[in-house]
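> Quick one: this structure, given as structure tokens, is what I'll be asking you about.
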Amino acid sequence: MPGQRSLVVIALLLIILLAVAAYLMHRPQEVVHMKPSISVWRISAREVRLYSLLEADLNVTAEYENPFNPEEINVTAIVTSPSGRVIAVPAFYYQEYSRRLVGSREVLEAVGKPYWKIRFTPTEVGEYSFYVEVRDRWGNTAKTDAYTFRVLPSSHPGFVRVSDEDHRYLEFDNGLSAFFVGHDVCWASSRGTFDYDEWFAAMQESGENLTRIWMAPWCFGIEWRGGAGRYDLAEAWKLDYVLKLAEERGIYVILCFMNHGQLRREEQWSENPYNKANGGPLDRPEDFWTSEEALKLLKRRLRYIVARWGYSTHILAWELWNEVDLTDGYREARAQVVKWHEEMAEYIKEIDPYNHLVTTSFANPDLDPEVWALREIDIVTVHRYGPQGFRDVAGSICKLIVDKRKRYSKPVIVTEFGVDWRWWGEPYYYEDREGVGLHNGLWSAVMAGSPATAMSWWWDNYIQPYDLYYHFRAIANYLKGLHPAESNLSYLRAKVVIPEDLSREDLADLTLYPSIGWARPSESYFTICLNGSVEGDLSQLSAFIQGRAHPELRNNPTFRATFPHGGRVVIHVNSVARGGATLALYIDGVLMRRLDLPDRDGRNDGYTGEYDEDVWVEVPPGTHEIRVDNVGNDWFTWDYIRFEGVIAKQARARIIGLTNGTLVLAWVQNRDHTWWNMINNVSVEPVKDLEIVLHELEDGNYLVEIWDTYRGVIVEKQEAKAVNGSLVIKIRKVESDVALKVYRVGD
């Protein structure tokens with residue numbers, strides 16, 4: 001029947017509809033994601049000068065949870081240069097802040113909402129074009145319209161490079177080079193960026209153009225408080241401010257990414273965001289070098305750093321680590337640390353459009369040859385501290401720079417030094433109120449062939465409160481207008497003229513200081529010459545005179561010296577091991593003095609001043625071998641050895657310098673004018689009636705300028721003539737030190 005058939009059809013349709021509804025209710029739901037969008041809402045300028053900053057601010061709409069994770073959201077500008085080079089410039093997430101000083105504390109307040117920003121520095125003149133694209137985690141993309149801007153010529157020198165002409169020195173993109181003068185200002189007090197307003201003003205006024213800044217957990221550390229992979233926009237803004245200020249003040253910055261304490265259990269490891277206890281990927285600090293997740297997170301941070309601050313021509317170098325050898329488990333992980341440096345340096349060079357220089361640093365200046373030899377590491381940066389083995393700052397720094405330069409054929413910069421490494425108790429630099437150690441480090445580094453003065457570590461507790469900026473002003477005045485890379489400088493060969501028939505009154509003492517600590521010296525025989533030079537590698541003088549307990553370290557020193565009228569050898573004993581020691585002094589193989597040194601303080605510390613006393617032997621006239629030995633059980637330490645009456649008084653003048661055959665830069669130092677002698681009130685006799693000979697100069701007429709190294713002014717001018725490659729200069733008196741600048745003049 002028709003009616004029944006209709007009911008059947010309706011029933012079937014209902015069954016089908018119910019089945020479809022059931023299917024729709026139980027099938028997996030498709031999530032519809034919002035497609036990203038992007039636009040440029042501000043471009044800082046449509047015409048900029050070469051090497052000047054161009055900024056573009058962006059409106060970005062997309063779905064993401066972490067704006068610092070490029071796997072979730074990747075915003076990149078594609079820039080085409082006038083020559084057709086295509087450059088990928090990552091954008092970065094940004095928040096503007098205002099600052100104010102409340103009492104002695106900086107307070108930041110957010111201005112508006114966060115947004116995305118592009119920073120770009122053009123390196124070619126002409127018309128550029130760019131667009132910006134965004135990609136979300138699902139592969140959805142969007143991009144802006146194309147924009148253009150024009151780059152005009154400028155006098156800006158550009159980015160800093162290693163010189164092609166002379167690998168000791170640094171030069172700018174425009175081919176000019178300069179010496180760098182400066183000291184560390186690695187972090188601020190609670191005053192934050194207001195500290196840098198004061199410090200950078202003083203540095204600029206003093207002619208300084210170099211500093212070093214840490215991205216430390218307590219200052220400028222962007223990945224510390226928010227957790228691994230999330231960055232502190234307030235700390236980032238502070239670094240923005242400081243780098244912009246450095247640019248305005250003409251100061252170049254070595255920016256250090258990580259300090260050793262971050263991977264030390266006794267320091268900042270408990271707070272480290274990479275620590276598993278804080279939600280990170282690492283069970284132990286030692287795992288940092290091999291963890292794939294840690295490497296991934298770090299590369300993400302490096303990408304953000306390059307995106308935000310890579311634009312700056314005043315970033316002299318990226319420093320991967322501060323004193324990496326002090327991290328937990330370093331000895332066992334040395335091979336992994338080398339590999340890590342190779343990978344990270346290579347990665348940062350891949351993502352940095354401006355190819356900034358890359359370096360790292362070690363607490364032990366003798367570490368680590370495999371890292372320094374890496375092709376990806378551009379500068380050898382070393383640290384050197386006293387008091388042990390650093391009584392003679394000038395001699396130690398000169399030796400350090402010359403040795404590193406010869407070994408690695410790279411620029412060598414002493415990026416930290418101080419007469420004392422301690423910040424607690426009574427460190428010696430507080431007694432060196434006139435900055436003698438600082439002064440000698442500045443001048444010796446440049447004269448040894450470094451592109452920069454040695455950089456003092458103690459900024460806010462020493463240089464600033466003691467107002468020692470005049471030391472920098474003096475050497476900056478001396479170096480002004482010099483272009484070391486183009487000058488083709490080599491090490492100066494010079495000598496002091498020694499009179500014949502020296503009387504006892506014409507003779508002086510020579511004091512030598514140990515340089516290395518707990519290590520076996522590779523050299524142990526040293527010859528002292530009448531002209532003050534020493535044959536043998538003095539950097540291998542060990543502060544530890546070993547006895548029977550450590551035969552693997554035992555290589556105690558022997559000295560050969562001529563005593564025209566006889567004299568004494570004096571060794572100053574510092575401390576002794578718990579096992580005790582026995583000092584033995586030999587002359588020509590004959591035991592002349594034996595002294596038992598029992599333990600007095602029950603400590604195995606070599607530098608407590610447990611004995612702090614002189615031990616000496618008389619030496620008859622003539623040439624003799626003096627051997628310092630330990631015939632007892634364990635080690636003792638010594639601070640110095642003094643040979644009395646073995647050099648001419650004029651030989652107390654040390655000459656360090658550079659020349660190219662027509663220009664001479666030289667520093668003449670009274671060897672006795674050291675920070676150690678100053679704080680111990682040792683009377684330093686001036687070197688009088690000094691006559692020095694400079695070798696390997698072109699024959700002809702020269703102008704000789706004698707500079708006061710404390711005031712940075714010329715105090716005397718002489719005319720001299722080079723004959724057969726040699727030029728003679730006479731100096732009436734050297735109390736501390738003087739500098740020479742010698743020019744070829746006329747025909």
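Values quoted throughout were computed directly from the atomic coordinates according to the rules given, and no laboratory measurement underlies them. Since the structure is predicted, the reported quantities are computational estimates derived from the model, not experimental observations. Cβ coordinates were reconstructed from backbone atoms using ideal geometry, including for glycine residues, and neighbour counts include every protein chain displayed.
> Taking the Cβ of ARG671 as the center, what net charge do the other residues with Cβ under 13 Å away carry, scoring Lys and Arg +1 and Asp and Glu -1?
Numbers: positive: ARG391, ARG642, LYS649, ARG652, ARG654; negative: ASP392, ASP509, ASP672, GLU685, GLU735, ASP737.
Net charge around ARG671: -1.
> How large is the Kirkwood hydrodynamic radius of segment 37-152, in angstrom, based on all distinct alpha carbon pairs?
15.5
> Ok, one more. Order of VAL590, VAL728 from fewest to most other C-beta atoms within 10 Å?
Taking fewest neighbouring Cβ atoms as first place, the list is VAL590, VAL728.
> What lysines sit close enough to LYS35 to cross-link, taking a C-alpha to C-alpha distance under 18 Å and skipping anything fewer than 8 places away on the same chain?
LYS143
> Provide, for q = 0.13 Å⁻¹, the log10 of I(q)/I(0) from a solvent-free Debye sum over equal Cα point scatterers in segment 568-612.
The computed values of log10 I(q)/I(0) come out as -0.32.
> Moving to a separate point now. Which residue, SER104, THR123, VAL134, has the largest displacement toward the positive end of the dipole of segment 37-152 when charges sit on each Cβ (Lys, Arg +1; Asp, Glu -1)?
SER104
> Report, in listed order, any pair from LYS296/LYS349; LYS717/LYS741; LYS410/LYS495; LYS480/LYS741; LYS299/LYS349; LYS244/LYS296 with a Cα-Cα distance greater than 18 Å.
Beyond 18 Å between Cα atoms: LYS410/LYS495; LYS244/LYS296.
> Just to confirm the filter: which trypsin sites (Lys or Arg not before Pro) across segment 373-426 are DSSP coil and have at most 11 other Cβ within 10 angstrom of their Cβ?
The qualifying sites are ARG375.
> Volume per residue, Å³, of the convex hull around the alpha-carbon atoms of segment 346-456?
Details: hull volume 12.7 nm³, N = 111.
Convex hull volume per residue, Cα atoms: 114 Å³.
> For helix 233-249, report the angle its Cα long axis makes with the longest principal axis of the Cα atoms of the chain; keep it between 0 and 90° and round to the nearest 10°.
50
> A further question on this structure: Scale the Cα Rg of segment 604-677 by the rule-of-thumb value 2.2 N^0.38 Å and send over the ratio, two decimals.
Cα Rg divided by the expected 2.2 N^0.38 Å: 1.62.
> Using the crude model of +1 on Lys and Arg Cβ and -1 on Asp and Glu Cβ, and no other charge, please compute the dipole size for the chain relative to its Cα centre, in debye to 20.
Using Cβ point charges on Lys, Arg, Asp and Glu, the chain gives about 1720 debye.
> So if I place +1 on the C-beta of Lys and Arg and -1 on the C-beta of Asp and Glu, and nothing else carries charge, what would the dipole magnitude of segment 143-217 be about its Cα centre? I want it in debye, nearest 20. Each step should come with its number before you reach the end.
Numbers: 6 positive and 12 negative charges, 63 e Å.
Computed about the Cα centre, the dipole is about 300 debye.
> Select from segment 325-434 those chymotrypsin sites (Phe, Trp or Tyr not before Pro) which occupy a DSSP coil region and have at most 14 other Cβ atoms within 10 Å, ordered by residue number.
Listed in order of number, the matching sites are TRP423, TRP424.
> What share of Cα pairs, in percent, lie more than 41 angstrom apart in the chain?
That fraction is 41 percent.
> Now for a different question. Translational diffusion coefficient of segment 504-649 at 37 °C, 0.692 mPa s, Stokes-Einstein with Kirkwood Rh over Cα pairs, in µm²/s as a whole number.
Taking Rh from Cα pairs, D becomes 215 µm²/s.
> Whole-Å semi-axes of segment 168-211's equivalent ellipsoid, largest first, each the root of 5 times a Cα gyration tensor eigenvalue?
Details: eigenvalues 138, 23, 16 Å².
In descending order, the three semi-axes are 26, 11, 9 Å.
> Once all Cα-Cα distances of segment 268-346 are split into 10 Å bins that start at 0, what whole-number percent is in each one?
Per 10 Å bin, starting at zero, the Cα-Cα P(r) for segment 268-346 comes out as 16, 46, 31, 7 percent.
> Now for a separate question. Strictly greater than 22 Å: what percent of every Cα pair in segment 660-745 meets that?
31
> log₁₀ I(q)/I(0) of segment 258-415 at q = 0.15 Å⁻¹, via Debye over equal Cα point scatterers, no solvent, to two decimals?
For segment 258-415, the Cα-only Debye profile gives -0.87.
> What's the ranking of 474-485, 88-99, 309-320 by average number of surrounding C-beta atoms within 10 Å, highest first?
Values: 474-485: 19.7, 88-99: 18.0, 309-320: 23.4.
For the peptides 474-485, 88-99, 309-320, the packing ranking is 309-320, 474-485, 88-99.
> Can you compute the charge dipole magnitude of segment 54-179 about its Cα centre, using +1 on each Lys and Arg Cβ and -1 on each Asp and Glu Cβ, nothing else charged? Give it in debye, rounded to the nearest 20.
280
> While we're on this one: Counting only other residues whose beta carbon sits under 11 Å from that of ASP614, what net charge do I get with K and R as +1, D and E as -1?
Neighbourhood net charge equals -1.
> Further question: Using a ≥ b ≥ c from the Cα gyration tensor of segment 418-551 (square roots of the eigenvalues), is it rounded, prolate or oblate, where a/c under 1.5 gives rounded and otherwise the larger of a/b and b/c decides, a/b for prolate?
Because a/c hits 1.5 or more and a/b fails to exceed b/c, segment 418-551 counts as oblate.
> What is the Cα centroid distance between segment 70-95 and segment 677-747, reported in whole angstrom?
55
> Right, another one. Run the reach check for LYS276 against aspartates and glutamates, Cα to Cα strictly under 17 Å, same-chain hits fewer than 8 apart removed. What comes back?
Within the straight-line cut-off, LYS276 pairs with GLU223, GLU266, GLU267, GLU286, ASP287, GLU292, GLU293, ASP328.
> While we're looking at this one, here's another question. Per DSSP helix of 4 or more residues, -39500 (n - 2.57); summed, then divided by the residues of the chain. What does that give at 222 nm, rounded to the nearest 500?
Helices in the chain give a 222 nm mean residue ellipticity of -6000 deg cm²/dmol.
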